[in-house]
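Report on one structure; see the data block that follows.
The values are calculated or read from the model by the stated rules, or taken from the named source; none is laboratory data. Since the model is a prediction, treat every value here as computed from it, not as a measurement. Here the Cβ is made from the backbone with ideal geometry for all residues, glycine too, and neighbour counts use every protein chain on show.
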Amino acid sequence: MEAKELNFNGFKMNGFLGLFIHLIVLPALIIFGLTTCVPTAIVAGILCIVWCIMFAGYMQLEPNEARAMVFFGKYKGTFKETGFFWVNPFLDKKKLSLRARNLDVEPIKVNDKIGNPILIGLVLVWKLKDTYKAMFEIDSQTMASSAHTVTGNANQISIGNAVASRMNAFENFVKIQSDAALRQVAGQYAYDDNEADTEELTLRSGGEEINEQLEQKLNERLAMAGMEVVEARINYLAYAPEIAAVMLRRQQASAIITAREKIVEGAVSMVKMALHKLSEEEIVELDEEKKAAMVSNLLVVLCADEAAQPIVNAGTLNHSNSMNFSFLYKWALLLGLLLGHVVAVFAQDANINRAEHVYELFVANQADSIHALLNKNLQEKLSPEVFRDMFKQSEKQFGKLQSKGEWRKESAEGITLYHRDLKFERYDLRFLLSFDADGGMNTIRLMPVPAASTAKPVVYNKEKMLERDITVGADGFKLPGTLTLPVGKKKVPVVILVHGSGPQDRDETVGPNKPFRDLAWGLAERGIATIRYDKRTKIYGAACVPEGREIDYDTESVDDAIAIVAWAKTLPEVDADSVYVLGHSLGATLAPRIAERADGLTGIILVAALARPFEDAIVEQMTYISSLTDSSARAKEQIAEIKKQADNIKKLGTPDFDDKLPLLLNVPRPYWEFANAYKPVEVASKLTLPMLILQGERDYQVTMQDFGLWRFGLLRNKNAFFKSYPKLNHMLQEGSGKATPFEYNQASPVVGYVMDDIVSFIHNGSLL
């Protein structure tokens, strides 16, 4: 492309000479003119104007700097002489840098010649070559001006800032063109040759040739802008994350095959030596059949990935009468010398190697091979279809596999588990195995990685509380419980703790966690008494229903809570005007009904309160848990059946109800009829007592959707207060990431800030 740059040939003066004229000669003439006659005074006035204008004519250039000289829009050439000069002050002197600049292009994602997604980046050195093209062939001035106005008033930008903005505009142009050139070059070649015996140039092996082509493409693209690339090199090259793991496995497989070839080659040599030694030293004479058996056993031992025991069949050995303990000793010694190193390598933990083998089968979707490794008991119970496409389904649900952790071993209660954590795009899963004494696999699971608790252990001061055994309940049902009182305080508020669904104990124990005990102790330290008790369904089971009644919300929970409210008001240690009910899960859902029926209740606290129909929550929970652990067709069929039963529950009392379908959870019909009739949000909206609704944002059993329904339904209730906690799950455990059922088995106490909010509500009637 033709160069358009011209050297500046206009008038120029040495800058120091210009200063002499400007600062000495002109002032002298001006003073002389002003002190003489009128005509000379007029000339002096003109010289004053010239004196002012001359300030704009000075310029200084360092090596590898240039000025594009423009006279009222007309290009007059480029000034490149270094030094201090004075030129026509009416020239616009646009400063440019001719120095080399580095540009590190961030890796971009492109497809190579055969379509594999790869990440490729480059570093290049560039500089201005033609100042005319750089200034006037591309819109660099507008880009530079826009950069000025971002940071401040353009009129206030210094020359240094102006040139920096201009050069940054050039650099942005180079960056865009380099991105395009990199995509063009990368698309012309494959990443590598995939171990094929070809001489075709690849990005990985091309080296200097690829860099030269890249440099050529860049110079072709930048010529229009008067720039040139001094050097360009690919500085980053890798497979994209979605295929990196697969390609790594391919490379590993290739390396394993090469290693196996060496192992087999060495093993054959060692077997040959063993047979020769046995024969030479006349230790034993083997017929051809026994030689074949021995060769097979030796190769198994030498080539296996784990420790193996050689099998020697001596049943028909020639000269068997000569075989004695001396022979056995020599045989063992010979094998020990030959195999000592190999066995030492693989005898560390054979099950780690087994686990790795199963994992490779899992990734390769080899369902039949996985099934064959199960112990006999599981082989009879499970079909190979259970493992079909497990890995593909996992990637479909959770995104591509990005990385895998190291194998870890954990022992508990005599069982040793082997697991590694797999990081997918959207979720982390744990691949878990265990083996029986015979080496058969008796456990294989893909489960969410347990969330680590972020809660600090709570240390309770038991000297500040007093606990007393009590017996409470309604309808003649005696329920053992605990009254927890703060020490040294009289007439304190009391909170009655109401459980969720199921046979719950007084502490609402789940695994190692006791949330009701934590609440009782934490509130006692803060000056508030609590009552907690074993639920009727735990103590009496199916016999918990009074004669003549059916199992429903009232007989399960509400009746007992109402009786305990009345009993609590009689306690001498309790302020009868400050009695609260705190319900958790189902207990929270029933708190409005308790408040509706109980006399003298001061307020209610709802923790993880369900606002939607119970059957809908069950379907949602099952779907969620299944998405974490099991996405098989069988699991989907089970969820579909549960949903079908849930939909049928909604039709109770209508002609559309199908009495042939089993009831959801095998719960009796009266229970579901009562649940359908109870609308907790509607009941709560008619209450005038204070209400506090608390919700963990990581709760998958009662979700933020329910929390939103409570807020909307109680929008006009000025006595209702709401708070959600980003880190808490359904059991008020603090953690991070997606909640799973497995974290319920991790010890994590109820955090102190929940108790602080409860105390604030009780003492102040609101949240501070």
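Worth pointing out:
Okay, residues lined up against (1) out of contact with any helix residue (DSSP H, G or I) (no Cβ under 7 Å at 6 or more places or on another chain); (2) hydroxyl-bearing (Ser, Thr, Tyr); (3) surrounded by fewer than 19 Cβ atoms within 10 Å (Cβ to Cβ); (4) in contact (Cβ under 8 Å) with a residue 40 or more places away in the chain:
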position: TRP672; (1), (2), (3), (4): no, no, no, yes
position: THR703; (1), (2), (3), (4): yes, yes, no, yes
position: TRP710; (1), (2), (3), (4): no, no, no, yes
position: ARG716; (1), (2), (3), (4): yes, no, yes, no
position: PHE721; (1), (2), (3), (4): no, no, no, yes
position: SER724; (1), (2), (3), (4): no, yes, yes, no
position: GLY737; (1), (2), (3), (4): yes, no, yes, yes
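- Of all residues in the range 119-142, those satisfying the criterion of being touching a residue at least 24 places away in the same chain (Cβ under 8 Å) and not aliphatic (A, V, I, L, M) are GLY121, TRP126, LYS127, LYS129, ASP130, THR131, TYR132, LYS133, PHE136, GLU137, SER140, GLN141.
- Verdict on MET273 being modelled with pLDDT of 65 or more, buried (at least 18 other Cβ atoms within 10 Å of the Cβ) and farther than 25 Å from LYS113 by Cα: no
- Hey, GLU385 charged (D, E, K, R), closer than 24 Å to LYS423 by Cβ and surrounded by fewer than 16 Cβ atoms within 10 Å (Cβ to Cβ) or not: no
- Criterion violated by PRO493 - all others in (1) part of a loop (DSSP other than H, G, I, E, B); (2) surrounded by 12 or more Cβ atoms within 10 Å (Cβ to Cβ); (3) modelled with pLDDT of 85 or more; (4) not basic (Lys, Arg) satisfied: (1)
- Filtered residues of the range 739-768 (kept if closer than 27 Å to PRO493 by Cα, touching a residue at least 40 places away in the same chain (Cβ under 8 Å) and of a type in the set (A, V, I, L, M, F, W, C)): VAL750, VAL751, VAL754, MET755, ILE758, VAL759, PHE761, ILE762, LEU767
- Condition met for ALA543 (farther than 24 Å from ILE604 by Cβ and surrounded by fewer than 23 Cβ atoms within 10 Å (Cβ to Cβ)): yes
- Top-ranked residue of the range 412-442 - restricted to ones that are over 21 Å from HIS357 (Cβ atoms) and more than 25 Å from the chain's Cα centre (by Cα), ranked as surrounded by the most Cβ atoms within 10 Å (Cβ to Cβ): ALA412
- Verdict on ALA223 being part of a helix (DSSP H, G or I), over 40 Å from the mean Cα position of the chain (by Cα), hydrophobic (A, V, I, L, M, F, W, C) and over 16 Å from ASN116 (Cα atoms): yes
- Note on the range 660-754: enclosed helices (runs of 4 or more DSSP H) holding 3 or more residues that are closer than 30 Å to SER627 by Cβ are 669-677, 704-713.
- Residue match in the range 224-239 (condition: surrounded by 17 or more Cβ atoms within 10 Å (Cβ to Cβ), at pLDDT 65 or above and aromatic (Phe, Trp, Tyr)): yes
Let's see how each residue does on (1) within 60 Å of the chain's Cα centre (by Cα); (2) closer than 30 Å to GLU231 by Cα; (3) surrounded by 11 or more Cβ atoms within 10 Å (Cβ to Cβ):
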position: PHE55; (1), (2), (3): no, no, no
position: GLU62; (1), (2), (3): yes, yes, no
position: LYS74; (1), (2), (3): yes, no, no
position: LEU91; (1), (2), (3): yes, no, yes
position: GLU106; (1), (2), (3): yes, yes, no
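- The C-beta contact set for the range 356-378 (first residue under 17 Å from GLY440 (Cβ atoms) and assigned by TED's automatic domain parsing to the domain that holds SER434, second residue outside any helix (DSSP H, G or I) and hydroxyl-bearing (Ser, Thr, Tyr), distance under 8 angstrom, 6+ apart or interchain) comprises HIS371/SER383.
- The test for being assigned by TED's automatic domain parsing to the domain that holds PRO741, touching a helix residue (DSSP H, G or I) at 6+ places or on another chain (Cβ under 7 Å) and surrounded by 23 or more Cβ atoms within 10 Å (Cβ to Cβ) does not hold for ALA591.
- Residue in the range 534-564 that is nearest to GLY502 (Cα to Cα), counting only those that are among the β-branched types (Val, Ile, Thr) and assigned to a loop (DSSP other than H, G, I, E, B): ILE551
- Residue match in the range 607-628 (condition: part of a strand (DSSP E or B) and either at positive phi or not polar (S, T, N, Q) (or both)): yes
- Within the range 516-540, restricting attention to residues that are out of contact with any helix residue (DSSP H, G or I) (no Cβ under 9 Å at 6 or more places or on another chain) and modelled with pLDDT of 90 or more, the residue that is surrounded by the fewest Cβ atoms within 10 Å (Cβ to Cβ) is ASP534.
- When the range 78-118 is filtered for residues that are in contact (Cβ under 8 Å) with a residue 40 or more places away in the chain and closer than 13 Å to ASP179 by Cβ, the ones remaining, listed by number, are LEU103, ASP104, VAL105, PRO107, ILE108, LYS109, VAL110.
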